[in-house]
Amino acid sequence: MKKKKFIWRLLPWLIVLALLAALVVFVGIPLFAPEVPRDIPAPQVSFYDGDEKPVTMENDALLFELDPTTTQFKVTEKASGREWLSNPADAASDPLALAANKEMLQATLSVTYSTAAGTVDMNNFKYSIENGSYAVAPQEDGSIRVDYAIGKIEKNYIIPTAITKERFDTFKAEMKKSTQKKLSSNYTLYEPEKLDSKKNKDEIIAMYPEVVNQALYILKSDTSENNKAKIEGYWAEAGYTMEDYEIDQQLVAGSKDNSGAVFNVSLVYRLEGNDFVVEVPYDSIRYKEDYPITYVTVLPMFGAAGTEDEGFMFIPEGGGALIEFNNGKLNQNSYYANMYGWDWATRRNEMVSETRCSFPVFGMAKNGGSFICLMEGATSYGGVMADISGRYNSYNWMCAKYNVLHSDQYNVSAKTAQLVYMFEQDMPEDTIIQRYRFLDSDSYVDMANAYGEYLRTASPELAASVSSEQMPVSMEMVGAIDKTVVKLGLPVDSVVATTTFDQAQQMINEMTDSGIQNLNVRFSGWANRGVNQRVLTNVKVIKQLGGEAAMKNLISAANEKNVPLFFDGVSCFAYDSGIFQGFISFSDAARYTTREQVSSYPFDIITYQEMDWTDLFYLVKPANAKEYSTNLINKLSALDAQGVAFRDIGYMLSADYNPKDTVTREQVKAMNVETMKEAIAAGQNVLIRMGNDYAVPYASLITDMDLLGINYAIIDEFVPFYQIALHGLKDYTGEPINLASDSVEEFLKCVEYGAGLNYTFMATDTKILQDTLHSGFYASYYDDWKDSAVATITRYQTEMEGLNQQAIVDHEMRDSGVAVTTYEDGTKVYVNYSERMRRVDGVTIQPRDYTVERGNDK
């Protein structure tokens, strides 16, 4: 009996020891195992030694001509004769630009690298093209490759740095007398018996030891690059060869190497039909370990427009935006936005605003023609930049900038302020690809339709898609939230129902009975403790909502009403999750480049700082996130549900920089696509938010599109570029109208952009949100909005009937504050944003309202 008691007492300690052993074996050892030393190939330096004959490519549509002496080029559209230059023709004489800005105007590439003192920008004009440290090589596939060595590189000239007096005199005798004098002025004679009189005696002996035995002519140390080129000609005139150079180099004991920052970056140009394509292979990038390369900017001045040009730059802000040439907004910041938003695996301590682009396109319309640049490869590392003339130079320009090696700061000790940068271990295995497509039009509508054509060609899934006949309506129902409530006099973290499954069924019935068509319902907060969902290692339906039985009844009722029902899930974040939920942050959280776990608090919209008095949450490893998504899909399939709503996939994109198992954003993007395909294969319809371009082909519905984006002051006009490209192919909506800061403005924007309507509701009075972190739902009480929502939706669907499957063929913003959207059957939708009644094209539009004028005499 005593023996049994002893065993039972010992058992908990044995379990703890087993768990600790497992942590050490499966987590500690892999995480802290010694790293394999990085093998970083050293940058190579070569110099252009070809002729001045242009290097060309040509097909039926385009002619590409590259000047090998500068590597600048132009692309000519054969049909129109229109030319697009890599750099402004008169960049070197720009009256506004300072020297450094003139260099950038003449560059085709720039790199940013890190040092102990901060980051440094280096353009390839000053640090490669000017000194000829590049190579131009036509490829077997017809493309042209330019390999740059960028840095403070000293070119090797075929001239002797040191030469014996005897050999010097021999070669000198072969030169003209005028040349002899020029040559001698660049050399100094050092004789053994006179060395003591030289101030630099020790340096000379160290560099040229033979000088103590015989007289040497030594090239002056301050000889300029231009002068060296002339001297090379003098020696060549006397018959000086490479063999002679190698003989004389034996007199040199040391050499001045290029010990500073030097980088290899290659640009590959090709023509593909009507498109001009430029590539930057990441595997061609070389750098020194002391100077890690962080960014590459590709063709920063392609198509740059001067002060006399007319047109605009298109940027992918919101649904799209225009910056007019020479708009004079020099007091405003230039434009920059990250592709697909912030990478949560990169540290930030505050969030004022989050820049993001959902689709990787930018472009320019100039003097009757235009191009769009389609960012095809390494897209998620990129960001779009644009600026107007008058700030640093006389040109309007735009380009893409790509992250190469990610980094973060690590605080060495709490006792010191010293911060150390730690970088991503390996170069991404990707290739930057930018496809320039040229149009004989300066209309952003034509540019958008060209993008739509590209999307259909690139994605068979999208090409086969057709949107619904009726304008879509999305209704999010908030199921449950977490809240601290008092029980027996003690504060207890609890799950509180805000919309039960039975209440959701009643809301669906009321909406459909009111005549609303194409209703789509997204049910959030239905599992794992509500909206701030715990990790989906196990998917548990919340009993306070009615449990699985009530959920199945809801699914069945929605099917009978022909209402697609999507159940919301979070896969990439771990909220309020620990070991009992199957989440161990030490092993399951993603990591910064510093090896620290990626964790964060919500950001305060007032102070922009982290609210460190709230619950911490983690970014989970991509492999775990995919597993959680699979668990969600399987659970919904087991419950006979037919729709999954991914809260993060298609909207957020974050990497994992754990040096032991780095997963890049591009790899995560591929994993997300695989997850959506998995859901479709399991019979699930897919709903996504925002609508990143790579996720759109697999989505049945896209909600919460940021139609407007951030209202940067440098922007002149917002346009429905992305929506024009997708209209008729996919159902999409704007943000929830009832949660918007200006619900009328959000509704009108949906009308203008041909978007469906979106609402967020809860059945319980929003007073229940007091003393919670869910204040964003304060305007979501269903009873407050039901009547106005039904009236708005039914009017909208009636007046817009038949337009959802049509292409948008024109769009314009009139000076009166009225936007006009035209559909392929001739129907025009007039949206009046002003506070006054307007009359446009003989049509009267009430203030802050819209009017649909049917085409084809309807």
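The values are calculated or read from the model by the stated rules, or taken from the named source; none is laboratory data. This is a predicted model, so every value here is computed, not measured. Cβ sites come from the backbone with ideal geometry, for glycine too, and all protein chains shown count toward neighbours. Note: accessible area is taken over every heavy atom of the protein model, side chains too, but ligands, DNA and RNA are not part of it. Shrake-Rupley method; radii C 1.70, N 1.55, O 1.52, S 1.80 Å.
Here is how the numbers come out for the structure above:
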| item | result |
| --- | --- |
| Residue in the stretch 707-722 that is at pLDDT 95 or above, among the charged types (D, E, K, R) and over 28 Å from Tyr335 (Cα atoms) present | no |
| Leading residue by the ranking (surrounded by the most Cβ atoms within 10 Å (Cβ to Cβ)) among those in the stretch 808-858 that are among the basic types (Lys, Arg) and more than 36 Å from the chain's Cα centre (by Cα) | Arg838 |
| Asp482 vs. criteria buried (at least 20 other Cβ atoms within 10 Å of the Cβ), at pLDDT below 95 and in contact with a strand residue (DSSP E or B) (Cβ under 8 Å, 6 or more places away or on another chain) | yes |
| Some residue of the stretch 459-471 being touching a Lys or Arg at 6+ places or on another chain (Cβ under 8 Å) and within 19 Å of Ile315 (Cα to Cα) | no |
| Members of the stretch 723-742 that are touching a residue at least 40 places away in the same chain (Cβ under 8 Å) and closer than 22 Å to Tyr444 by Cβ | Gln723, Ile724, Ala725, Leu726, His727, Gly728, Leu729, Lys730, Tyr732 |
| Residues of the stretch 572-592 classified as open to solvent by less than 10 Å² (accessible area, probe 1.4 Å) and part of a loop (DSSP other than H, G, I, E, B), total | 2 |
| Any strands (runs of 3 or more DSSP E) falling wholly within the stretch 58-125 and containing at least 2 residues that are among the hydroxyl-bearing types (Ser, Thr, Tyr) | 109-115 |
| Number of the exception - Val404 against (1) modelled with pLDDT of 95 or more; (2) surrounded by fewer than 23 Cβ atoms within 10 Å (Cβ to Cβ); (3) over 21 Å from Tyr335 (Cβ atoms) | (2) |
| Where Leu419 falls short, out of the listed (1) open to solvent by less than 20 Å² (accessible area, probe 1.4 Å); (2) more than 19 Å from Val696 (Cα to Cα); (3) among the aliphatic types (A, V, I, L, M) | (1) |
| Residues of the stretch 669-714 that turn out to be touching a residue at least 60 places away in the same chain (Cβ under 8 Å), open to solvent by less than 10 Å² (accessible area, probe 1.4 Å) and part of a loop (DSSP other than H, G, I, E, B), as a count | 5 |
| So Ser629, is it surrounded by fewer than 21 Cβ atoms within 10 Å (Cβ to Cβ) and out of contact with any Cys (no Cβ under 8 Å at 6 or more places or on another chain) | no |
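Each row is one residue, and each column tells you yes or no for (1) out of contact with any Pro (no Cβ under 7 Å at 6 or more places or on another chain); (2) part of a strand (DSSP E or B).
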residue	(1), (2)
Asn804	yes, no
Asp810	yes, yes
Ser816	yes, no
Thr821	yes, yes
Val831	yes, yes
Glu835	no, no
Thr844	yes, yes
Pro847	yes, no
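One line per residue, one yes/no per condition, for (1) surrounded by fewer than 23 Cβ atoms within 10 Å (Cβ to Cβ); (2) in contact (Cβ under 8 Å) with a residue 60 or more places away in the chain; (3) in contact with a Lys or Arg (Cβ under 6 Å, 6 or more places away or on another chain); (4) not polar (S, T, N, Q):
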site	(1), (2), (3), (4)
Phe73	no, yes, no, yes
Ser80	yes, yes, no, no
Pro95	yes, yes, no, yes
Val120	yes, yes, no, yes
Val146	no, yes, no, yes
Lys152	yes, yes, no, yes
Ile158	yes, yes, no, yes
